Amino acid sequence: MYLVAKGLLDYPILYLSRYVNQHKDMYYHHLQEVRRTGDWEPWILYMLDGVENISRQSIALIKDIKEIMQSYKVHIRDHYSYYSQDLLNNLFRHPYTRIEFLAKDLQINRKTAAKYLNELAEDPKKIISKYKIGKLNYYVNNDLVGLLIKE
C-alpha cells in the first residue's frame, strides 16, 4: 500500500503476505530482534528481500498469463468466427465467467453468449471447463486457474 501511496505502483498487486508466510520463522526472528535490541535493519532488509522476491514472482506470473492469452487468441481466432478482444478479456478478467458476464461484456444476447461459452468448453484444447452449480453455469479458465494456484 505504501508503494501505491507513493505512486510507485498503480495497484497493490504485490502479495507480500505470501512471502511472509513462506518465511514465517525469519519474519518472527527479525521482529523479535527488533523488540529485543531495537535494531531495525535486519527486519527491513528481510522485508525488502520479500518485496524483490514477490515482484519477480509477479512479473513471471504476468508473463505466463500473457503467453496463455496469446495462445488462446490465436486458437480462438483460427477456429471460431466470433473471436474478439472483448471475448478474450472476459476469459481472463477473472478465473471464471458466466453467460451473463459475457453477454454484458460483448453486448450480445444470452443465447449467443451461452453458445460461445459452450463451444469453448467443448473445444479439445480445453480452454474453459463448464461447471453447473445449482441453476448457474460457471466457465472456468483452466490455464489461468492453474497459474494462480501454482506455488
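What follows draws every value from the coordinates through simple rules; no lab data is involved. No experiment lies behind these values; they were computed from the predicted model shown. Cβ placement follows ideal geometry from the backbone for every residue including glycine, while neighbour counts extend to all protein chains displayed.
Straight Cα distances below 17 angstrom link LYS135 to the aspartates and glutamates GLU100, with same-chain residues fewer than 8 positions distant left out.
I'd like to know which of PHE101, TYR28, ILE54 lies farthest towards the positive end of the charge dipole of the chain, counting +1 on Cβ of Lys and Arg and -1 on Cβ of Asp and Glu. The residue sitting farthest along the positive end of the dipole is PHE101.
For LYS73, LYS126, what ranking results if the residue with the fewest other Cβ atoms within 10 Å of its Cβ goes first?
Working: LYS73 15, LYS126 11.
The order, fewest Cβ neighbours first, is LYS126, LYS73.
Tell me, what is the percent relative contact order of the chain, built from C-alpha pairs under 8 Å that lie six or more residues apart?
16 percent
Treating the beta-carbon of each Lys and Arg as +1 and of each Asp and Glu as -1, no other charges, what is the dipole magnitude of the stretch 28-151 about its Cα centre, to the nearest 20 debye?
For this selection, approximately 780 debye.
Shape verdict for the stretch 71-115, please, from the Cα gyration tensor: rounded (a/c under 1.5), prolate (a/b greater than b/c) or oblate. Note, shape of the stretch 71-115 comes out oblate. 3J(HN,Hα) along the stretch 35-49, derived from phi through the Karplus expression 6.51 cos²θ - 1.76 cosθ + 1.60 where θ = phi - 60°, amounts to 4, 6, 10, x, 8, 7, 4, x, 5, 5, 5, 4, 5, 5, 4 Hz, with x in place of Gly and Pro. Amide H to amide H, with H built 1.01 Å from N, TYR96 comes under 5 Å of ASN141, counting only residues 5 or more places away or on other chains. In terms of distances greater than 28 angstrom between alpha carbons, the cross-link table entries LYS104/LYS125; LYS125/LYS150; LYS104/LYS130 yield no pairs at all.
For the stretch 112-125, putting each phi into the Karplus relation 6.51 cos²θ - 1.76 cosθ + 1.60 with θ = phi - 60° gives couplings of 5, 4, 4, 4, 4, 5, 5, 5, 5, 5, 8, 4, x, 6 Hz, in residue order, rounded to whole numbers and with x for Gly and Pro. With helices as the sole contributors, the chain gives -21500 deg cm²/dmol at 222 nm; each DSSP H run of n ≥ 4 counts as -39500 (n - 2.57), and the sum is divided by every residue. With a ≥ b ≥ c the root eigenvalues of the C-alpha gyration tensor of the stretch 63-151, is it rounded (a/c under 1.5), prolate (a/b larger than b/c) or oblate? The shape class here is oblate. Largest GNM mean-square fluctuation across ASP86, ASP39, ASP123, computed for the chain with C-alpha springs under 10 Å, falls on ASP39. When peptides 79-85, 27-33 are ranked by their average number of other Cβ atoms within 10 Å per residue, the highest-first order is 27-33, 79-85.
For the chain, the Kirkwood estimate of the hydrodynamic radius, built from every pair of different alpha carbons, is 18.3 Å.
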